[in-house]
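Here's the structure, in structure tokens; my notes come after.
The values are calculated or read from the model by the stated rules, or taken from the named source; none is laboratory data. Since the structure is predicted, the reported quantities are computational estimates derived from the model, not experimental observations. All Cβ positions, even for glycine, are placed from backbone atoms using ideal geometry, and neighbour counts span all protein chains on display.
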Amino acid sequence: MPDSATDSTCHPPGSPAATPISAEPLVVACGVAKSFNGVPALRNGCLELHAGSVHALCGGNGAGKSTFLNVLMGILQRDAGSIKVRGREVHFANPNEALHARISIITQELSPIPGMTVAENIFLGREPKKLGVVVDYPRLFARAGELLERLRFDIDPRTPMYRLSLAQTQLVEIAKAFSHQSEIIIMDEPTSAIGENETEILFDAIRSVSSQGAGIIYVSHRLSEIFTIADRYTVFRDGGFVETGKLADIDRRHLVRQIVGRELNAGERKERKADGEVVLSVRNFSRKSEFDDISLEVKRGEVLGIYGLIGSGRSEFLNCVFGITRPDSGSAALLGEPIPEGKPGQSIQKGISLVTEDRKATGLVLSSSVAFNTTLAALPNLSTASYIDRPKERRLMTDLIERMRVKLATPEMDVCELSGGNQQKVVLAKCMATDPICLLCDEPTRGIDEGAKREVYAFLSQFAAKGGAVVVVSSEAPEVLEVSDRIAIFKKGRLAVVIDGHQASQEELLHLAS
């Protein structure tokens, strides 16, 4: 990789090393810094964005990307550094000032108002009014419908937000950002909850607005997306700027090395041999409007992947097997014993654990400590006569944190203070605290970096190799191919086919699921 392919220092606009796409940059940020309680989260944030460019901001969890974007958006106030928008120094006191400067953001932390409609969420605070007082709902629904249709998002603007799936909620957040007609759009993990089809629709929308002169700052841990949609990149690591350049000048290996700070080997995939004993057996499982007549088996030592597009019933199936919802018909058994319907607590006692799709909403108690979250699911096993055996709890927590290699200052710190990758490790540690034989994983690497993903993949492989059974639902075809021995393809709520995960290709998965 020749040095000329990238810029390893942060160049001011107009310097020879900078490669402008348009005459004047939309954004130039240099030396941006931010600390929390004396601990630096961002030391030297630098980025230059041009009109018509999709600029990927890359880095691992904890690299400072979100802090930098929050400073740019006025959500946080910087301690040092310079930010210029269209050549003018800015210091936004709040996000509203940034919106007035035609800058909008799509964050990975979704914040819908559940009781309001899709249209009300999109145009919140900007609703068309009759006589300047009463909301003009026909116009509101019409405007939202036109926007959603233009973006090709198949969502009814009159639907209450609480009825939407996580993926549909993400699409509404994306529509909200586009509704501002911003010239600078920040996208922080916009595809973390949506599938390939929806991602392609989003990419079409990105290409459309960038061709009209908008600049996009795009953040994603999915490197394949970055090379598909972006033309330039900037890497942050440990809170500081590393390098910037054209994506056409580098390859994936180079980008991973810059993000992680070392060479990251994918490792050689070994084909596991299931020993024949069926751990999880599901027969004719159905739930109205979600999935229909699903029959599957998972054996000891096996990882079964489930792949399908949004609306295929993947997550709904997993939740029903675990007991969050009840099936209308059919049965599920663990080692031949029936799994109680609608009783997740009893499922845990029998030996099933679930890694939920959204770790922040359903996987963790964010306001509580890492220690509390790690042993939460195992408290019934740690209690005698209503008293928790604290020494036993402490030993279990310490063992799990060490085994999962969670990076933290102290187990007493709030879990919300950890990076996304370490939060996900805490979720996995919590699941392992109950000593499960069957692990159900719904999007187990959502929103975590490449290094953390590799650790999760290794953990799942080791769990299966020790005789456990794993079911993995993922919207990422490469991930399903990476971890699965067999792959069940879901299509419109039904099981289309089960194929060999070692022989399948990404093209085959997409074809079978479409």
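For this structure, a couple of remarks:
- So Pro157, is it at pLDDT 95 or above and surrounded by 14 or more Cβ atoms within 10 Å (Cβ to Cβ): yes
- Looking only at the range 307-332, and only at residues there that are out of contact with any Phe, Trp or Tyr (no Cβ under 6 Å at 6 or more places or on another chain) and in a strand (DSSP E or B), the one that is surrounded by the most Cβ atoms within 10 Å (Cβ to Cβ): Tyr307
- The numbered conditions (1) over 18 Å from Asp449 (Cα atoms); (2) out of contact with any Gly (no Cβ under 7 Å at 6 or more places or on another chain) are all true for Ile194 except (1).
- When the range 119-155 is limited to residues that are in a helix (DSSP H, G or I) and more than 20 Å from Ser182 (Cα to Cα), the one that is nearest to the chain's Cα centre (by Cα) turns out to be Phe141.
- Checking every residue in the range 200-211 against the condition of being in a helix (DSSP H, G or I) and buried (at least 22 other Cβ atoms within 10 Å of the Cβ) gives at least one match.
- Any hit, the range 194-208, residues being in contact with a His (Cβ under 8 Å, 6 or more places away or on another chain) and not hydroxyl-bearing (Ser, Thr, Tyr): no
- Candidates in the range 482-512 are the residues that are surrounded by fewer than 21 Cβ atoms within 10 Å (Cβ to Cβ) and part of a helix (DSSP H, G or I); of these, the one that is modelled with the lowest pLDDT is Leu510.
- Restricting the range 160-193 to residues that are in contact with a Ser or Thr (Cβ under 7 Å, 6 or more places away or on another chain) and assigned to a loop (DSSP other than H, G, I, E, B), the residue that is surrounded by the fewest Cβ atoms within 10 Å (Cβ to Cβ) is His180.
- Picking from residues in the range 351-369 that are assigned to a helix (DSSP H, G or I) and in contact with a Ser or Thr (Cβ under 6 Å, 6 or more places away or on another chain), the one that is farthest from Val39 (Cα to Cα) is Thr362.
- Exclusive hit being of a type in the set (A, V, I, L, M, F, W, C) and more than 30 Å from Leu166 (Cα to Cα), set Ile388, Ile401, Ile348, Ile324: Ile388
- Which listed residue, of Leu376, Leu335, Leu382, Leu408, is of a type outside the set (Asp, Glu), in contact (Cβ under 8 Å) with a residue 40 or more places away in the chain and either in contact with a Phe, Trp or Tyr (Cβ under 6 Å, 6 or more places away or on another chain) or over 30 Å from Asp292 (Cα atoms) (or both): Leu376
- Test: residue in the range 34-46 that is closer than 26 Å to Ser182 by Cβ, of a type in the set (S, T, N, Q) and either at pLDDT below 95 or touching a helix residue (DSSP H, G or I) at 6+ places or on another chain (Cβ under 7 Å) (or both): no
- Unique residue being in contact with a strand residue (DSSP E or B) (Cβ under 8 Å, 6 or more places away or on another chain) and either more than 22 Å from Gly213 (Cα to Cα) or among the polar types (S, T, N, Q) (or both) when the list is Pro160, Pro112, Pro138: Pro160
- Taken together, the residues in the range 370-428 that are over 23 Å from Arg446 (Cα atoms), in a helix (DSSP H, G or I) and of a type in the set (D, E, K, R) amount to 6.
- Cβ-Cβ distances below 8 Å connect the following pairs, each with a first residue in the range 141-154 that is closer than 9 Å to Ala119 by Cα, a second residue that is in a loop (DSSP other than H, G, I, E, B) and aromatic (Phe, Trp, Tyr), and a separation of six or more residues or different chains: Arg143/Phe123; Ala144/Phe123.
- Considering each residue of the range 90-102 in turn, at least one proves to be without any contact (Cβ under 8 Å) to a residue 24 or more places away in the chain and of a type in the set (Phe, Trp, Tyr).
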